[in-house]
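Heads up: the structure comes next, in structure tokens.
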Amino acid sequence: MTGRHCYDWPRPAVTTDIAVFSEQGGVASILLIQRGHEPFAGSWALPGGFLDEGETLEACAARELAEETGLVAGDLSLFGTY
């Protein structure tokens, strides 16, 4: 099948998660979202999701952050690849 997939995400699927930290009044916080879909609906998680074909990791992270929280990403730094 050239250029066409019979499933939602091309294999292998790549995802990004975004860790957003803040500090206010000496208290550090990390942004979490509550999952709306299975698996683990209702559980707390970092914002993130699947990489679109042709999308960079940074663009995916920024897009997912905006989609899931409404926040616009500033400077993004790659923390790690696992």
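Looking across E58, E38, E68, E64, one residue alone is surrounded by fewer than 12 Cβ atoms within 10 Å (Cβ to Cβ) and either at pLDDT below 90 or not basic (K, R) (or both). It is E38. Scanning segment 16-35 for residues that are of a type in the set (V, I, T) and in contact (Cβ under 8 Å) with a residue 40 or more places away in the chain, we see that the one that is surrounded by the fewest Cβ atoms within 10 Å (Cβ to Cβ) is V20.
Table: residues versus (1) under 10 Å from the mean Cα position of the chain (by Cα); (2) more than 19 Å from A13 (Cβ to Cβ); (3) part of a loop (DSSP other than H, G, I, E, B).
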{"residue": "A28", "(1), (2), (3)": "no, yes, no"}
{"residue": "E38", "(1), (2), (3)": "no, no, yes"}
{"residue": "G42", "(1), (2), (3)": "no, yes, yes"}
{"residue": "E53", "(1), (2), (3)": "no, no, yes"}
{"residue": "L71", "(1), (2), (3)": "no, yes, yes"}
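Scanning segment 47-54 for residues that are touching a Gly at 6+ places or on another chain (Cβ under 7 Å) and surrounded by 10 or more Cβ atoms within 10 Å (Cβ to Cβ) turns up nothing.
The values are calculated or read from the model by the stated rules, or taken from the named source; none is laboratory data. Since the structure is predicted, the reported quantities are computational estimates derived from the model, not experimental observations. Heads up, the Cβs are rebuilt from the backbone with ideal geometry, glycines too, and the neighbour counts pull from every protein chain shown.
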